[in-house]
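One structure is given here, and the rest of the page talks about it.
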Amino acid sequence: QKEVEQNSGPLSVPEGAIASLNCTYSDRGSQSFFWYRQYSGKSPELIMFIYSNGDKEDGRFTAQLNKASQYVSLLIRDSQPSDSATYLCAVISNFGNEKLTFGTGTRLTIIP
Amino acid sequence: KAGVTQTPRYLIKTRGQQVTLSCSPISGHRSVSWYQQTPGQGLQFLFEYFSETQRNKGNFPGRFSGRQFSNSRSEMNVSTLELGDSALYLCASSLGEAGGPQNIQYFGAGTRLSVL
C-alpha cells in the first residue's frame, strides 16, 4: 500500500463548477498535510496546508482533514481554466521532520 | 524576498559521469530538502539538511549525496550517473525549526538532468 494515495485522474470539471480532489494516507500518526499545484514543466507551488481536523478555507480553496478516516481533500470552487494543473497531496509524519511524502498527483482539467 | 534558486536549470551528462547541483534557500531558511521527480515514481524525498547536518534521508543509493554550507546553501552530488537518474531535481527550503507545524516548504524551479 502506498503511503499517500491519490486518484491520478484525469479529472475534468466544467468551468465554474466545484472540483473535488481526494487523498488518503497510511500513517495514522501523520501531523501536517499539504496541497501543492504543479503546472506542466514547473515546480510545485503550495496551495493550502492543514493540520487540524475540519475545514480550512482560503479564497476559492477549501482543505478538509479527517484524521480518523486518514483522509484529506481539496475543494476548488468556481473553477477556472487557470486551475488546470496536477495537484499533489503531501504529508509530514512528525513535527520537526521535514520529509514530505507525496502522492502521485491528480491531473485536473477545467473545461471552458 | 527572493525565492529558492537552483542552478543550473538544465544539465546533460553521460553515463558514468558525476554532477553537482546547487540550491540557494530563501533568506532566513535553514532547512534545505532535495527531491527527485520522475514520471514513473513521482516526487521522492532524497535528503534534508539543517544547520549543515543531514537530518533526514530517503531511500536512495549512496551515489546520491549532499552537503550544506554555513550560509544554508546546499549542493547535491550524484556520482557514476545512470540512465535512470534522468529526472527533475527539486530543492525546497523552510525555516526548519523543530516542532513547527507550519514549516512550509517552498520549491525552487528545479534542475532537469538528462543522462545519455
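Can you go through B:A109, B:A92 and tell me which one is touching a Lys or Arg at 6+ places or on another chain (Cβ under 9 Å) and within 9 Å of chain A (Cβ to nearest Cβ)? Even if it seems obvious, please write down each step before you answer.
Working: B:A92 fails: touching a Lys or Arg at 6+ places or on another chain (Cβ under 9 Å).
Just one listed residue meets the conditions, B:A109.
Here's the yes/no breakdown for (1) closer than 20 Å to B:G42 by Cα; (2) more than 14 Å from chain B (Cβ to nearest Cβ); (3) of a type outside the set (F, W, Y):
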{"residue": "A:V13", "(1), (2), (3)": "no, yes, yes"}
{"residue": "A:I50", "(1), (2), (3)": "no, no, yes"}
{"residue": "A:E57", "(1), (2), (3)": "no, yes, yes"}
{"residue": "A:F61", "(1), (2), (3)": "no, yes, no"}
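Within the stretch B:95-107, does at least one residue satisfy the condition of being more than 24 Å from A:L46 (Cβ to Cβ), open to solvent by 20 Å² or more (accessible area, probe 1.4 Å) and touching a Ser or Thr at 6+ places or on another chain (Cβ under 8 Å)?
Of the stretch B:95-107, the ones more than 24 Å from A:L46 (Cβ to Cβ) are none.
No: the stretch B:95-107 contains no residue that is more than 24 Å from A:L46 (Cβ to Cβ), open to solvent by 20 Å² or more (accessible area, probe 1.4 Å) and touching a Ser or Thr at 6+ places or on another chain (Cβ under 8 Å).
In the stretch A:1-23, how many are open to solvent by 50 Å² or more (accessible area, probe 1.4 Å), in a loop (DSSP other than H, G, I, E, B) and at pLDDT 95 or above?
2
Could you tell me which residue of the stretch A:69-94 is farthest from the other protein chains (Cβ to nearest Cβ), considering only residues that are open to solvent by 40 Å² or more (accessible area, probe 1.4 Å) and out of contact with any Ser or Thr (no Cβ under 7 Å at 6 or more places or on another chain)?
A:D78
Count, please, the residues in the stretch B:6-59 that happen to be away from every other protein chain (no Cβ under 14 Å), assigned to a strand (DSSP E or B) and among the small types (G, A, S).
Result for the stretch B:6-59: 2.
So which residues in the stretch B:59-78 are open to solvent by 30 Å² or more (accessible area, probe 1.4 Å) and under 21 Å from B:S24 (Cα atoms)? It would help to see each step written out before you state the result.
Filtering the stretch B:59-78 for residues open to solvent by 30 Å² or more (accessible area, probe 1.4 Å) gives B:59-63, B:65, B:67, B:69-71, B:73, B:75, B:77.
Scanning the stretch B:59-78 gives B:S65, B:R67, B:F69, B:S70, B:N71, B:R73, B:E75, B:N77.
Looking only at the stretch A:26-55, which residues are in a loop (DSSP other than H, G, I, E, B) and in contact (Cβ under 8 Å) with a residue 40 or more places away in the chain? Steps first, answer last, please.
So in the stretch A:26-55, the residues in a loop (DSSP other than H, G, I, E, B) come out as A:26-31, A:39-44, A:51-53.
Scanning the stretch A:26-55 gives A:S26, A:D27, A:R28, A:G29, A:S30, A:Q31, A:Y39, A:S40, A:P44.
Taking the condition over 20 Å from B:I104 (Cα atoms), in a strand (DSSP E or B) and in contact with a helix residue (DSSP H, G or I) (Cβ under 9 Å, 6 or more places away or on another chain), does A:L108 pass? Outline the logic, then answer.
Details: over 20 Å from B:I104 (Cα atoms): yes; in a strand (DSSP E or B): yes; in contact with a helix residue (DSSP H, G or I) (Cβ under 9 Å, 6 or more places away or on another chain): yes.
Yes.
Among the candidates B:R73, B:R15, which residue alone is in contact with a helix residue (DSSP H, G or I) (Cβ under 8 Å, 6 or more places away or on another chain) and either among the basic types (K, R) or at positive phi (or both)? Talk me through it step by step, then tell me what you get.
Details: B:R73 fails: in contact with a helix residue (DSSP H, G or I) (Cβ under 8 Å, 6 or more places away or on another chain).
Within the list B:R73, B:R15, the selection yields B:R15.
State whether one or more residues within the stretch A:59-66 are open to solvent by less than 40 Å² (accessible area, probe 1.4 Å) and not in a strand (DSSP E or B). Before the answer, list the steps.
Within the stretch A:59-66, the first condition is being open to solvent by less than 40 Å² (accessible area, probe 1.4 Å), and the residues that meet it are A:61-63, A:65.
Among the residues that remain, those that are also not in a strand (DSSP E or B) are: none.
Scanning the stretch A:59-66 turns up no residue that is open to solvent by less than 40 Å² (accessible area, probe 1.4 Å) and not in a strand (DSSP E or B).
Just one of A:S43, A:S26 is among the small types (G, A, S), open to solvent by less than 60 Å² (accessible area, probe 1.4 Å) and closer than 24 Å to B:S93 by Cα; which is it?
On the way: A:S26 fails: closer than 24 Å to B:S93 by Cα.
After ruling out the rest, the residue left standing is A:S43.
Quick one: how many residues across the stretch B:60-89 are touching a strand residue (DSSP E or B) at 6+ places or on another chain (Cβ under 9 Å) and more than 14 Å from chain A (Cβ to nearest Cβ)? Spell out the reasoning first.
Quick first cut of the stretch B:60-89, residues touching a strand residue (DSSP E or B) at 6+ places or on another chain (Cβ under 9 Å) only: B:60, B:63-69, B:71-79, B:81-89.
Retained after the next criterion (residues that are more than 14 Å from chain A (Cβ to nearest Cβ)): B:63-65, B:67, B:69, B:71, B:73, B:75-79, B:81-86.
Looking only at that region, the number is 18.
The values are calculated or read from the model by the stated rules, or taken from the named source; none is laboratory data. None of these values were measured; they are calculated from a predicted model. Please note: Cβ atoms are built from the backbone with ideal geometry, for glycine as well, and neighbour counts cover all protein chains shown. Just the protein is used for accessible areas: all its heavy atoms, side chains included, with ligands, DNA and RNA removed. Shrake-Rupley method; radii C 1.70, N 1.55, O 1.52, S 1.80 Å.
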